[in-house]
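First the structure, in the form of structure tokens, and then the observations on it.
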Amino acid sequence: MLQSHASYKLNQKIKDDKFNVDHISQYNLSLQVSTDLFRVCVTDTANNRCLFLEDYQFSSIQFPSQLLDQLELIYDDHHILQAGFWKSIKLSIKNKSFSLIPSSLFDKDYVKDYLNINCTVKGREVYYYKQNTTDSVNIFSADREIINWFNTKYPHKSLKVFHYTSPFIDGVMIDQSSEEEKSMYIVTEKNSLTILVKRNKKLEFCNTFNYITTEDFVYFVMFVFDQLKLNPETTPIVLWGEVTPDSPIYTKLYKYIRHISFGNKPSSLSFGYQFDEVFDHKFYDLYNMHFCE
């Protein structure tokens, strides 16, 4: 058997002093995975407090089997992840294979047909999630191997699977309910951005784009502005994720958009001082998994 070699990096690890392994039965375990990253978040359901966070970055992952090799290495000596008796376990899939359907048009017997319009679902599991804050259903797919692997790790729990856009959408609709008539919200990763547009407190647009250069990033933002006839002088943008005030993306974007700000942590979660070292605008979609049901 070939020996797997680690091709991941632990970017961040935070553990609240209040984390108590004896209380895992009242904790929620949130896991977020893609070919680029794996993130872990533990929250106390009794008081809505975030207690633990880890952020791993993968390199050179192209196939599910390679991803599973790296996850095995992470899990091998990880006593927290190996614990089984959580109150709930939630898995967030971070990919582009999703579609939002108005609730009035949704029929669960046709979930694959809805997704087949934009994505290939062969060899993949298809799921749906009724958004708590919008009149829509999020339909998405995930690699069957990945889902099966996580299920075998937690055989005594029913794994709840979400697309990462679901907690992002619900978080924005709740936390930003008093924002402008038209607003844009962006979650940025290393090579992708997810754009959400809210108009008159209703979700109008949500999509994910891959980018390589700063120019690509700005192009997609301005493309959405143009398609939805938004005004760069008046429509604000709120940023989350892998972007900072001194990054080229922010500098370039600021040349075209008048009002740009960075988002905050979810208002309904509390955080100990240990989380002060994390930018408030990072891990927003991960934190909000706590509220997905």
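All of the numbers you see were taken from the coordinates with simple rules; none came from a lab. These numbers were taken from a predicted model, which means no experiment stands behind them. As a convention, Cβ positions derive from the backbone with ideal geometry for all residues, glycine included, and neighbour counts pool all protein chains shown.
Can you compute the equivalent ellipsoid semi-axes for the stretch 172-262, i.e. the square root of 5 times each eigenvalue of the Cα gyration tensor, sorted largest first and rounded to whole Å? Write down the numbers at each step before the final one.
Details: eigenvalues 76, 36, 34 Å².
For the stretch 172-262, the semi-axes come out at 19, 13, 13 Å.
Taking a ≥ b ≥ c as the square roots of the eigenvalues of the Cα gyration tensor of the stretch 1-158, is the shape rounded (a/c under 1.5), prolate (a/b larger than b/c) or oblate?
Values: a/c = 2.11, a/b = 1.28, b/c = 1.65.
Oblate, because a/c is 1.5 or more while a/b does not exceed b/c.
Of all trypsin sites (Lys or Arg not before Pro) in the stretch 219-293, which ones are in loop regions per DSSP and have a Cβ with at most 15 other Cβ atoms within 10 Å? If you can, show how the numbers build up before the last one.
Values: sites: Lys229, Lys252, Lys255, Arg258, Lys282; in loops: Lys229, Lys255, Arg258, Lys282.
Answer by residue number: Lys229, Lys255, Arg258.
Enumerate the amide H contacts of Ser92 below 5 Å, restricted to partners 5 or more residues apart or on another chain; note that Pro and chain-start residues carry no placed amide H.
Here the answer is Leu31, Gln32, Val33, Phe162, since their amide H atoms fall under 5 Å of that of Ser92.
Quick one: which residues, 5+ away or cross-chain, put their amide H under 5 Å from the amide H of Phe52? H built at 1.01 Å from N.
Asp16, Val42
Can you find, among Ile257, Leu228, Ile186, the residue sitting farthest towards the positive end of the charge dipole of the stretch 172-262, where Lys and Arg contribute +1 and Asp and Glu -1 at Cβ?
Leu228
So if I place +1 on the C-beta of Lys and Arg and -1 on the C-beta of Asp and Glu, and nothing else carries charge, what would the dipole magnitude of the chain be about its Cα centre? I want it in debye, nearest 20. Intermediate results must be reported in sequence, preceding the final value.
Details: 31 positive and 36 negative charges, 94 e Å.
The dipole magnitude comes to about 460 debye.
Which option, (i) 37; (ii) 40; (iii) 28, is the value of percent of Cα pairs over 31 Å apart that was calculated from these coordinates?
Here percent of Cα pairs over 31 Å apart agrees with entry (iii).
For Glu204, enumerate residues with amide H under 5 Å from its amide H, sequence gap 5+ or separate chain, H modeled in the peptide plane.
Residues meeting the criterion, in which the H sits 1.01 Å from N, are Val197, Lys198, Arg199.
With n ≥ 4 as the cut-off for DSSP H runs, can you work out [θ] at 222 nm for the chain, using -39500 (n - 2.57) per run divided by the number of residues, rounded to the nearest 500?
Numbers: 8 runs with 69 residues, N = 293.
Rounded to the nearest 500, the figure is -6500 deg cm²/dmol.
Excluding residues on the same chain fewer than 8 positions from Lys122, give the aspartates and glutamates whose Cα lies under 16 Å from its Cα.
Filter leaves Asp113, Asp143, Glu145.
Could you give the size of the charge dipole of the stretch 172-262 about its Cα centre, using +1 on the Cβ of each K and R and -1 on the Cβ of each D and E, expressed in debye and rounded to the nearest 20?
Numbers: 10 positive and 12 negative charges, 47 e Å.
My answer is approximately 220 debye.
For the cross-link pairs Lys87/Lys182; Lys229/Lys252; Lys18/Lys94; Lys182/Lys265; Lys9/Lys202; Lys190/Lys265, which exceed 27 Å when the distance is taken from alpha carbon to alpha carbon?
On the way: Lys87/Lys182 38 Å; Lys229/Lys252 21 Å; Lys18/Lys94 29 Å; Lys182/Lys265 21 Å; Lys9/Lys202 38 Å; Lys190/Lys265 20 Å.
Among Lys87/Lys182; Lys229/Lys252; Lys18/Lys94; Lys182/Lys265; Lys9/Lys202; Lys190/Lys265, the Cα-Cα distance tops 27 Å for Lys87/Lys182; Lys18/Lys94; Lys9/Lys202.
For the chain, what proportion of DSSP beta bridges, expressed in % and rounded to the nearest 5, is antiparallel? If you can, show how the numbers build up before the last one.
Numbers: 49 of 69 bridges.
Antiparallel bridges make up about 70 percent of those DSSP assigns within the chain.
Show me, for the stretch 26-31, the HN-Hα J-couplings you get by feeding each phi into the Karplus relation (A = 6.51, B = -1.76, C = 1.60, θ = phi - 60°), rounded to Hz, glycine and proline as x.
Each residue of the stretch 26-31 in turn: 10, 9, 9, 9, 10, 10 Hz.
Which of the three applies to the stretch 109-157, rounded, prolate or oblate, going by the alpha-carbon gyration tensor with a ≥ b ≥ c and a/c under 1.5 meaning rounded? Please report the intermediate quantities before stating the final value.
Numbers: a/c = 3.11, a/b = 1.35, b/c = 2.31.
Cα axes put the stretch 109-157 in the oblate bin.
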